[in-house]
Structures are given as C-alpha cells and as structure tokens.
Amino acid sequence: MKQLTGTGVALVTPFKKDLSIDVKAMTNIVEHCIDGRVDYLVVLGTTGESVTLNETEKQLAIDTVVAANADRLPLVLGVGGNNTAAIVEELGRRDLKPFDAILSVSPYYNRPTQEGIYQHYKAISKASPVPIILYNVPGRTGSNVLPETVLRLARDFKNIVAVKEASGDMVQIMKIIKDKPNDFDVISGDDITAIPTVLAGGVGVISVLGQGLPFEFSSMIRFALEGRLEDAYDLHYALLEGMGLIFQEGNPAGIKCIFETLGLSNASVRLPLVEASDALKQKVAEFVQPFMKVNS
C-alpha cells in the first residue's frame, strides 16, 4: 500500500485537566503532524490510550481526527483486542469509510498459540471491509507472532497487507522481509529500529516520537527510503535521546511531555497510567529546545 509508505504516527488522545478529551488540542496535533510532512495518521492505537476510552469517546476521537485531517493524509484506525468476537462485531458496526486500513494488535493477556493467533486474524480478515495491518508487540501482549505465522497470514489473506513489527528483534524482522509476498509490507513499530527496518526492505515506521517532531522524523525516514544514509543517520542520532526519553516512564506519558513543551496540550494521562515526573519533563524540555529554535 503505497499510501502507507514512510512515516505514520500513532496519535495521542490529549486530555484536559479533568481528563475529558481535548478536541482543540487533538485538532492542533493533527495540524502539527500534517505541517511536519508525516505520511499518514493512526487513530486509537496504544499511544491513543484506546483501552481507557469508552465508546462515545472513541467516536469523538475518530470524528475529531477525520474532521481535522480533511482528507489530506491517509488514515489508519486501531481495531484490536483479545476478544475476537468483539472485534468482528466492531468491524460490522464501525464506519470505516474514512480509513485506508485498520491496525489490529495481536491478542494480549490470553497468550494464544500461533494457531490461535492465525485463527484470530482469519476471523478479522473475513469481517474487515478495509485492509488489515497486523501488529506484533510482544512486550505488551505477552506473546510473539512468529515469522511463520505472519507469512502464513500474508499468503492466505489478500486483505492482510502489512505487519507493524515491534518485537525489537531485527533477525525476526529480516526473516519476514526475506520471505514475504511482494504485495505485503513490513513497517517498523519501534522508532529506534525504523532505519534498520527500512534498509532491510521495510517501507517505513509507525512512530510515537514522529508526532512530536514530525518534520525531523519524517525527513529521517524519507532520507532512508531514498538511500541518503548519511542524512538519515544524522537525524537518527539527533533524535536518539528522545526515542528513549519518551518511553522512560511509559507511553504515552513521555510523548505528552513533548506536546506540553511545545504548547500543544498538557501532559495528562488516564489511570492506570500516571503523568510524567517533573524530572522527566525537564529532560524532555531540554531535548526538545534545540528543535524548537530550528523550527521557529
């Protein structure tokens, strides 16, 4: 899917101090990402705190991003979980017309076998009216979608078009890239492995840091895709500290510190997450400051 090449960003859901959704801040963040030349937007992923939003709030987040985007960039919607039947039901009632694909995380907590993971995605494939991006993030789900399972799904279901690989295991990522069908894409799910994944044959990244510093991050990926490796790695090393800082006290607490520093939203998150410490906020502000001067 050429429209999902390059830098996608897993959008936060900004909250007001009373923890209601901050529609104005969300609109401004979308504009910030578009101005920064990201390639597509991902709504209601892990970074969007989707698990602590009720159905009304999820629809508000969707409506806000769709309206703010105004058909300028491709959109991906997070539709995943550990209850296969509930996902199938959601796919049947959700209006997916604004979206180019869904991003569906492998079942968490249940820890299914590889066959269980395969059957889970088979059911989603049959139910989804739009293409599907698999999402493998073992650090969160408690189970790894092995390369043979990813490849089996890629070969068996034409609407399963890509995998967001966040295992952090470059050997695993390269095994998928080596044997995948030509029409199946591999997307880095970790900022720090984005360039290595692209150089191995991946098509880009779904980033967290990229929404905070969209111009720098999307330029880095664009350079990597163009083979301008010195330019790409210059930006990679300039951004490297931030890639670590934003996960130091959990996601999205860290990336919300960047938005607070930039004046786009406050750093509020919902329990069981807690707002970043003052010490982390200070480190993030110091990291972001030089980029603010360049972009001012």
Candidate set from region 96-135 (those that are assigned to a helix (DSSP H, G or I) and aromatic (Phe, Trp, Tyr)); member that is surrounded by the fewest Cβ atoms within 10 Å (Cβ to Cβ):
118
Quick one: is residue 207 within 15 Å of residue 240 (Cα to Cα), at pLDDT 95 or above and over 15 Å from the mean Cα position of the chain (by Cα)?
no
Pairs, first within 14 Å of residue 152 (Cα to Cα) in region 174-200, second of a type in the set (Phe, Trp, Tyr), C-beta under 9 Å, six or more apart
176/184
What pairs come up if the first residue lies in region 49-61 and is closer than 16 Å to residue 86 by Cβ, the second is among the small types (Gly, Ala, Ser) and modelled with pLDDT of 95 or more, and their beta carbons are under 8 Å apart, counting only those six or more places apart or on different chains?
50/78; 53/61; 58/50
Qualifying positions in region 267-296 - outside any helix (DSSP H, G or I), surrounded by 16 or more Cβ atoms within 10 Å (Cβ to Cβ) and touching a residue at least 40 places away in the same chain (Cβ under 8 Å)
268, 269, 273
Can residue 149 be described as over 25 Å from residue 49 (Cβ atoms), of a type in the set (Ser, Thr, Tyr) and in contact (Cβ under 8 Å) with a residue 12 or more places away in the chain?
yes
Would you check which residues across region 39-53 are part of a loop (DSSP other than H, G, I, E, B) and buried (at least 20 other Cβ atoms within 10 Å of the Cβ) and list them?
39, 44, 45, 49
Quick test of your reading of the structure: residue 230 fulfils all but one of (1) charged (D, E, K, R); (2) within 23 Å of residue 45 (Cβ to Cβ); (3) without any contact (Cβ under 8 Å) to a residue 24 or more places away in the chain. Name the failing condition by number.
(2)
Got a number for residues in region 1-38 being assigned to a loop (DSSP other than H, G, I, E, B) and not hydroxyl-bearing (Ser, Thr, Tyr)?
12
Would you call residue 254 buried (at least 23 other Cβ atoms within 10 Å of the Cβ), under 18 Å from residue 10 (Cβ atoms) and under 18 Å from the mean Cα position of the chain (by Cα)?
yes
Is it true that residue 62 is closer than 28 Å to residue 125 by Cβ and in a helix (DSSP H, G or I)?
yes
Residues of region 78-109 classified as of a type outside the set (D, E, K, R) and in contact with a helix residue (DSSP H, G or I) (Cβ under 7 Å, 6 or more places away or on another chain), total
16
Can you go through 47, 56, 5, 27 and tell me which one is under 15 Å from the mean Cα position of the chain (by Cα), farther than 18 Å from residue 251 by Cβ and β-branched (Val, Ile, Thr)?
5
Out of region 75-95, which residues are surrounded by 12 or more Cβ atoms within 10 Å (Cβ to Cβ), among the hydrophobic types (A, V, I, L, M, F, W, C) and within 15 Å of residue 55 (Cα to Cα)?
77, 79, 87, 91
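The values are calculated or read from the model by the stated rules, or taken from the named source; none is laboratory data. Source: prediction; values computed, not measured. So basically every Cβ, Gly included, is an ideal-geometry build from the backbone, and we count neighbours across all protein chains shown.
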